[in-house]
Structure formats: structure tokens, C-alpha cells
Amino acid sequence: MVRSLAPHLVGRTIVSARFTSKHVTPGDRAELARQVTGRRIESIRRRGKFIDVTLDAGHLVMHLGMTGKLLTSGVEGKHTYGVFTLDDGVLLYDDPRQFGSIEWGDARVRRLGPEPLEILLEEFTAALRARKTRVKALLLNQSFLAGIGNIYADEMLFAAGIHPLVKAFKLSAARAGQLHRAMLETLSLAIEHRGSSISDYVDADGKRGDFQALHRVYGRDGQPCLTCGTAIKKAVVASRGTHYCPACQKR
DNA sequence: CTTAATGTTCCCCA
DNA sequence: TTGGGGAACATTAA
């Protein structure tokens, strides 16, 4: 998303902004609009699942929740809750479920754990050893690691051959190493494929990702495991649908 | 009509 | 303080 946004946004000035959801933009929406108006966009980066837009003064931080979209063309729709008019172009924030957020300042970004693509094996192994919770819950915990969501947690646990209910501290150094490698491989490949478009996700140009075609467990419950043929199971773990192969991922 | 959905936070309890 | 479980938020689609 950030890679597709950057060419449209960097160097632009926000001429005006308007916000219309009390869920996406709790607090004073007119004040937020005043804070971003007239500001020049210096850079844009991803941190965890947050999009951090650095302005010539301050930060505009956005999260897409489950169904959020940031589009650089098109017109306002039923669920457009943020409109940024730029000196050249427009940025529309669209989010039917309104689980996303648009806020001033990077306070939430600073509370995130390390980036999965940056954490070193040694630190990762030590961090796992210190936690008694289930490994799937830990992967989803954004203060433990920033940016892993439900799809990628399931996919990397399958790639590592680790059962989602295993307690983190019970993982051997070898298993922690497998998970670290699976994490890097799964996320890198997903990024190469521009993400997973199950129903809503598109980038700033409205383009879908195609990693969903490579999912090996997520959304494949009842279908044969691509490694061993056993039926993929689905259970609820950490209140989230959790897909795994009961044969390849032993407890 | 019911259920589940790419997410986070809050509350209650152990 | 940690961790488990569930509810809440709002909308759509199967």
C-alpha cells in the first residue's frame, strides 16, 4: 500500500481535508483537518500495519483496519470517511466497517514491537522463550511483533510446521529458528505478490494483490493439505479463525 | 435469519 | 503483571 501511495503523495501539499466518521476519526475532526491542511508531505512509510505520513510539521498516521482502502483516484462513495484534496490529485479513505483510523501524531506507532523483517534470530528466540501464551496469539500481538495479521500468522505457522496452540516458551531453539525463517519467507513472498485480496484489499491504484492464490492453509479448511493431503482444519484461537494442517503441525 | 470476515481495545476473571 | 476469553465497534456477503 505504501509503495503504491508514495509516487502519488510525496512532495504534495494537502490543500484541504474533511473527515466524516466518529469511529475512524474519534475526537475533534475539524481540528484534525486544520492540523493537516497546508502541510507538505515529506515522506511515507509503513510501520507494522500503520501508514505513517511524515508532514513538514507532524505526522498523519492511518490504519486500514479490516476493510480500509486509500485510493488516489475515483469519487466519494457511501463509505468514504476521509477526503484529502492535494495540490495535485486527491486521496480518499474508504472503510465500510470503520475499524480503521486516521489520527494526528505517531503515539500508537511508537508502542509497536519490532518489525518481523528486521528482528534477528537471537532476539526472536529469546522473546519467544519469555512468553507463556500460545504462539498464534503472540504472532498477532502487535506489541510483540508489528504487522502480522491473521492470514500471515496462519501461513507462517504452517510453513514452520508449528501448531498454533503451542506455548511460545515450549518451542526449542530449532523450532524458533524454523518460525523465524518461515516468517521472513512468508512475508517476503506476500509482499512480492502485493498482498492478499480476499474481498476488500486493493492498493492506492485500485489494484488487487494475488498472494491469496498461494495461501496454503488460510481459507482452505476441509481441503487437502498441499504437503500431505490431510484435510486442513479450522479452529478458533485467540478469537480468530485459525487454519492448520493437523498432520504437518503437531502440538 | 445466522454467521463470519484481512483488527484493536476493553473488560472480567484466574 | 501476565494471560485467556469474550464483547464491542459497523457493514456486507454467503
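What to note about this one:
- Pair list, Cβ < 8 Å and 6+ apart or interchain, from the stretch A:6-27 residues that are assigned by TED's automatic domain parsing to the domain that holds A:Gly100 to residues that are assigned to a loop (DSSP other than H, G, I, E, B) and among the hydrophobic types (A, V, I, L, M, F, W, C): A:His8/A:Ala204; A:His23/A:Phe99
- Residue in the stretch A:114-132 that is over 19 Å from A:Ile191 (Cα atoms) and within 16 Å of DNA strand B (Cβ to nearest atom) present: yes
- Here is the figure for the stretch A:86-112: residues that are more than 12 Å from DNA strand B (Cβ to nearest atom) and either in a loop (DSSP other than H, G, I, E, B) or surrounded by 14 or more Cβ atoms within 10 Å (Cβ to Cβ) (or both) total 12.
- Test: residue in the stretch A:12-31 that is under 21 Å from A:Gly195 (Cα atoms), away from DNA strand C (no atom under 16 Å from the Cβ) and at pLDDT 95 or above: no
- Residue in the stretch A:186-205 that is of a type in the set (A, V, I, L, M, F, W, C) and modelled with pLDDT under 95 present: yes
- Residue match in the stretch A:48-57 (condition: within 16 Å of DNA strand B (Cβ to nearest atom), in contact with a Leu (Cβ under 8 Å, 6 or more places away or on another chain), assigned to a loop (DSSP other than H, G, I, E, B) and touching a residue at least 60 places away in the same chain (Cβ under 8 Å)): yes
- The stretch A:1-52 - residue that is aliphatic (A, V, I, L, M) and farther than 25 Å from A:Leu112 by Cα and, of those, surrounded by the most Cβ atoms within 10 Å (Cβ to Cβ): A:Ala17
- Considering only residues in the stretch A:138-163 that are farther than 25 Å from A:Pro224 by Cα and of a type in the set (Gly, Ala, Ser), the one that is nearest to DNA strand C (Cβ to nearest atom) turns out to be A:Ser143.
- Considered as a group, the residues in the stretch A:60-85 that are surrounded by fewer than 20 Cβ atoms within 10 Å (Cβ to Cβ) and near DNA strand B (Cβ under 9 Å from one of its atoms) include one that is nearest to A:Glu31 (Cα to Cα), and that residue is A:His63.
The values are calculated or read from the model by the stated rules, or taken from the named source; none is laboratory data. Only a predicted model underlies this, so the values are computations on that prediction, with no experimental measurement involved. Please note: Cβ atoms are built from the backbone with ideal geometry, for glycine as well, and neighbour counts cover all protein chains shown.
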